[in-house]
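Each remark here refers to the structure printed beneath this line.
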Amino acid sequence: MTEAAEPTRRTPGTPCWVSLMVHGLGTTEDFYADLFGWEYEPGPEQLGPYVRAVLNGHEVAGIGEMPPDRHLPVAWTTYLATDDADATAESVRACGGTVAVGPLDAGIAGRVAICSDPLGAIFGLWQAQSRMGTRPYRGPGTPVWNELVTQDTSTVGKFYEHVFGHEAQTHATASDDFDYLTLQLEGRPVAAVHGVGRSLPHDRGPHWMAYFEVEDTDMAAARVVELGGRVVDPPREGPRGRQATVADPEGAVFALVHPQG
C-alpha cells in the first residue's frame, strides 16, 4: 500500500495502514484534501472505487466508496501487519474474534481480511506483497498512532497478545479510573488499548481510533467544523500530546494530535 519499491516489511502486529469506506468518495476526498493537504492516486481496482491518499510523495491512507446498496457505518479501519493473513485469521477465530471478510487477494498489492475482536472492534489484516502499508513517516497529515477504545483492557488485551504477540504494558499512571495498556513489539510501543467502561459511546461501541498529526490541534478542529464535520471531544492535553476527537461530514470519527516534544 505504499510505493512498490519500498522494501520495508512491517513487523507482524504493527498497525500499517488506515482506510475509510464512504458513500460519497469525491466529497470525502475534498474534505481531507483541505484538512490535511492530501492528494490522491487510483487504488487497487479489485476494491472498487478506491484512492490512495498521498502526502509529500508518501502514501498515508486509503479511501473507498461503498456500493450504493450498502448502508454500513462509516468508520476508519486500522490494519495490522501479518506475514500470513490466512493463519492470522484462523488465530482470530480461535481466540474468540470474528473474520467478516476474506482473507482475499487485493491484486498484487497483498492479501487482506476484515476482522473483529471478541468485544466487537473492527480491524483489518494486511499481508503485504507489493504494497507494504504506510511508510514510517511523520508530519502533519500523517497517521501517527492507533488506539483501541473499548469497555476494559483485561479480556481484549489478552486477545491481541495471543493473536499478534503484543506485550501489553500497563500505563505508568494507570489507576482504577484510567484503564490503559500500551501494546509493544520488540520493546517498542505500536498501539494502545484504552478501557473506558460505561463511557464507551453507545453509537460506536468498541472501535479502533486513528490519530493524525496536525500542526495546531485547536485550529485543525475548528477547520473540521468549517468543512462540515463536527468536534466530538474538544482539544485537550492527552498521553500523545494535545489532541481532539472529531468526525468528518459522513460521521467517520478520528483523532487530531499535535505530538509532545
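Points worth noting:
- Scanning the range 57-92 for residues that are in a loop (DSSP other than H, G, I, E, B) and either touching a Lys or Arg at 6+ places or on another chain (Cβ under 9 Å) or of a type in the set (Asp, Glu) (or both), we see that the one that is surrounded by the fewest Cβ atoms within 10 Å (Cβ to Cβ) is Asp69.
- Considering residues of the range 25-41 that are touching a residue at least 40 places away in the same chain (Cβ under 8 Å) and surrounded by 15 or more Cβ atoms within 10 Å (Cβ to Cβ) only, the residue nearest to Arg223 (Cα to Cα): Leu35
- Residue within the range 103-123 that is acidic (Asp, Glu), in contact (Cβ under 8 Å) with a residue 60 or more places away in the chain and open to solvent by 70 Å² or more (accessible area, probe 1.4 Å) present: no
- Any hit, the range 24-42, residues being outside any strand (DSSP E or B) and either touching a His at 6+ places or on another chain (Cβ under 7 Å) or more than 21 Å from Ala247 (Cβ to Cβ) (or both): no
- Count of the range 237-255 residues which are at pLDDT 95 or above and either under 27 Å from Glu65 (Cα atoms) or surrounded by fewer than 17 Cβ atoms within 10 Å (Cβ to Cβ) (or both): 12
Quick grid of which residues meet (1) over 17 Å from the mean Cα position of the chain (by Cα); (2) aromatic (Phe, Trp, Tyr); (3) over 26 Å from Asp30 (Cα atoms):
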site	(1), (2), (3)
Thr150	no, no, yes
Gln169	yes, no, yes
Ala192	no, no, yes
Glu215	yes, no, no
Leu256	no, no, no
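- If you go through the range 176-214 and pick out every residue that is in a helix (DSSP H, G or I) and hydroxyl-bearing (Ser, Thr, Tyr), you end up with 1.
- Residue selected from the range 155-183 under the condition surrounded by fewer than 17 Cβ atoms within 10 Å (Cβ to Cβ) and polar (S, T, N, Q), by the criterion modelled with the lowest pLDDT: Ser175
- Enumeration of residues in the range 42-56 that are buried (at least 16 other Cβ atoms within 10 Å of the Cβ) and among the small types (Gly, Ala, Ser): Gly43, Ala53
The values are calculated or read from the model by the stated rules, or taken from the named source; none is laboratory data. Just so it is clear, the model here is predicted, and its values are computed rather than measured. FYI the Cβ positions are ideal-geometry reconstructions off the backbone, even for glycines, and counts take in every protein chain you see. Just the protein is used for accessible areas: all its heavy atoms, side chains included, with ligands, DNA and RNA removed. Shrake-Rupley method; radii C 1.70, N 1.55, O 1.52, S 1.80 Å.
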